[in-house]
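Report on the following structure.
The values are calculated or read from the model by the stated rules, or taken from the named source; none is laboratory data. Just so you know, these numbers come straight off a predicted model, no measurement behind them. Because the Cβ atoms are built from the backbone with ideal geometry, glycine has one as well, and the counts that use them run over all protein chains shown.
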């Protein structure tokens, strides 16, 4: 039985994560079942990714594109070209043996360069009567193009519009269906933009040029069927395939006509034209799978019309081919976005649809796809919702990731091996939401339990340690870790004499009045207060929490402590019922380096503390503050991290118990003090003194101290001057080696 207090149980129900997880699964399943328009965007993007990863391999399907590209316009003149030029292009392709010539363009206005139009312009000028008469007798360019269309297997095009506009469509072929009329082909367009009647009446076939760009503007499906004013009409690609086979009609099979069920009668199952039967979605669309760009599929229009191309070469290129004529020139704006490319000529959508129909290469989203996806949502989402509260976040994450990988991998394999489009997004969404919600609720439960730990133990342990233990109970173990740390020792000067003057309870009151503001400063500067050793404080930085600014935080804390003590010495004697000796002083020793920090002690009692040479040396530095007459003394490792602070090099010292010397510094202030002119002048003089001192030029060193004594006194360093005088006196009487480097060996802690 869990030892969870009743008050914790009362605020959190143990079964809440399970119920919440199952609710999420039900919500995602309902969303998938509802098939709300626009919510399939993520799945479509996944399908796009599959197409980019594995585009359709190109196979020659006897389909070519004649492209009116930038170079063709540069060579043959600006667009639109005279209809006689289009006629010459049509005749050339027909003579080469093209099976069908499908134009992805509409000739809706009369040609302005026709002879009669030119004659009208010349009639206003004198002397052109004979020329005007001759031009007026010539056939129009549109008539020339109509004659060309009449003698060629041409498929014309038209654009469908939502608004009512244009004339009725007169198709040269019939459409029939098996089963209920294909009512799911939407919408029913009421208008159109068509070519001139004389041109449209001369073609062998008519197909819609309209392309389904999707809500996000990406072409993923090629519509094969449209409704125009209640009449079913074919797409350009479907009609081109009919004309190429010289088939009389197109046969559509709907769900009840095929014996299948697609959710409702009237769903399109397939379209049959000649020898080709094409499976479609319910709306009569072909899922497009585009190839990468293939140079051999496209021929620039200028090459078709070039006198340099032989009849044999034309026959090789276009004989028996379905030719789609379109434009990729930037100025003509006939480009669309596909899953693999943001700028694809619109004619390529029609051409690749025809290729897929001829090759029998069909992407399919089967009838059972949505049902399978719904089942996977319930199965995997429900399983994770049941398992996660029992196994925890880490194991749950592994299970959830495994389920996600299974769904994603299965979807990819279905696409790559069988060309099935199975949407993995809803099952993955269910797994992600179940994991996120249940983990959040479990975390809330843990936080409530941690709050109980705080209430029970924070009177006995430090708040920071309680937080650490509550966050990770594994910390209640022996051992530690190595960290780069900053260590501070602070000690009250002459505390033994202070203790002799007062009763024990008065000493405790004094220590409380001293230690409280000192600890406030340390905690404010992100320190961990390790322990109080009588009147001494041991604190450190960068554990248990990382502190990237540990060195400067430590330095500023030490400076604030000395300033706070000065204020206490001014204020405390005036307070009633408060014991405060005169001129209380402190010494602070600081060092930086590697320490071992962690829970240390015995099996019965643990203490979060630190050990190491860095700690011992910091303690020795605190002792040296008495000898050198400074308040804050630090080692070279810390000094290197305090650029900009007011540091004064004091000496090279071997502390007690250590063979290697270290350079020690007095920390006199922050950046403001360092920029003060008096400090700058003192540093120059002091540097000169140290050089003479280490060269054993005692008389010059003493003279330098005398010269700058006022600066030392101004910065409270009179005792430091006396220390140097004492050192020089003792060293001058000793027999120092010639290579002495100025290291002073301390004899007391």
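With the requirement that a residue be under 22 Å from residue 35 (Cβ atoms), in a helix (DSSP H, G or I) and free of Cβ contacts under 8 Å to residues at least 24 places away in the same chain, what does the stretch 366-391 give you?
Matches in the stretch 366-391: 371, 375, 379.
Looking at (1) in contact with a strand residue (DSSP E or B) (Cβ under 9 Å, 6 or more places away or on another chain); (2) at pLDDT below 95; (3) closer than 21 Å to residue 627 by Cα, find the lone condition where residue 586 falls short.
That leaves (2) as the condition not met.
Scan 89, 76 and give me the residue that is within 16 Å of residue 325 (Cβ to Cβ) and either buried (at least 21 other Cβ atoms within 10 Å of the Cβ) or within 29 Å of the chain's Cα centre (by Cα) (or both).
89
Run down 33, 39 and say which single residue is more than 30 Å from residue 319 (Cβ to Cβ), under 44 Å from the mean Cα position of the chain (by Cα), touching a residue at least 40 places away in the same chain (Cβ under 8 Å) and surrounded by fewer than 19 Cβ atoms within 10 Å (Cβ to Cβ).
33
Show me the helices (runs of 4 or more DSSP H) found entirely inside the stretch 72-145 where at least 3 residues are more than 23 Å from residue 202 (Cα to Cα).
115-122, 129-136
Residues in the stretch 554-574: is at least one within 21 Å of residue 506 (Cβ to Cβ), buried (at least 18 other Cβ atoms within 10 Å of the Cβ) and touching a residue at least 12 places away in the same chain (Cβ under 8 Å)?
Yes, that holds for at least one residue.
Using the structure shown, decide if residue 168 is out of contact with any strand residue (DSSP E or B) (no Cβ under 7 Å at 6 or more places or on another chain) and in contact (Cβ under 8 Å) with a residue 40 or more places away in the chain.
Here the answer is yes, as residue 168 does meet what is asked.
Before we move on, is residue 630 crowded, with 21+ Cβ neighbours inside 10 Å, within 57 Å of the chain's Cα centre (by Cα) and part of a loop (DSSP other than H, G, I, E, B)?
Criteria met by residue 630.
Taking the residues in the stretch 527-547 that are more than 44 Å from the chain's Cα centre (by Cα) and over 16 Å from residue 593 (Cα atoms) as candidates, determine which candidate is surrounded by the most Cβ atoms within 10 Å (Cβ to Cβ).
537
Please work out if residue 482 is at pLDDT 75 or above and over 30 Å from the mean Cα position of the chain (by Cα).
Answer is yes for this residue.
Is it true that some residue in the stretch 672-681 is over 51 Å from the mean Cα position of the chain (by Cα) and in contact (Cβ under 8 Å) with a residue 24 or more places away in the chain?
yes
Tell me the strands (runs of 3 or more DSSP E) entirely within the stretch 175-266 that contain at least 1 residues that are surrounded by fewer than 18 Cβ atoms within 10 Å (Cβ to Cβ).
The strands (runs of 3 or more DSSP E) meeting that bar are 191-193, 231-234, 249-254.
Of these, 335, 347, 394, which one is surrounded by fewer than 21 Cβ atoms within 10 Å (Cβ to Cβ) and either modelled with pLDDT of 95 or more or assigned by TED's automatic domain parsing to the domain that holds residue 245 (or both)?
Result: 335 is the single residue among 335, 347, 394 that is surrounded by fewer than 21 Cβ atoms within 10 Å (Cβ to Cβ) and either modelled with pLDDT of 95 or more or assigned by TED's automatic domain parsing to the domain that holds residue 245 (or both).
Tell me, yes or no, whether the stretch 494-502 has at least one residue that is out of contact with any helix residue (DSSP H, G or I) (no Cβ under 9 Å at 6 or more places or on another chain), without any contact (Cβ under 8 Å) to a residue 40 or more places away in the chain and within 30 Å of residue 636 (Cβ to Cβ).
Checked the stretch 494-502: no residue is out of contact with any helix residue (DSSP H, G or I) (no Cβ under 9 Å at 6 or more places or on another chain), without any contact (Cβ under 8 Å) to a residue 40 or more places away in the chain and within 30 Å of residue 636 (Cβ to Cβ).
Considering only the stretch 502-523, I want to know if a residue exists there that is in the same structural domain as residue 627 (by TED's automatic domain parsing), touching a strand residue (DSSP E or B) at 6+ places or on another chain (Cβ under 6 Å) and farther than 20 Å from residue 575 by Cβ.
The answer is yes; a qualifying residue exists.
Inspect all residues belonging to the stretch 715-723 and state whether any of them is within 60 Å of the chain's Cα centre (by Cα), modelled with pLDDT of 90 or more and closer than 30 Å to residue 670 by Cα.
Yes, there is a match, as at least one residue in the stretch 715-723 is within 60 Å of the chain's Cα centre (by Cα), modelled with pLDDT of 90 or more and closer than 30 Å to residue 670 by Cα.
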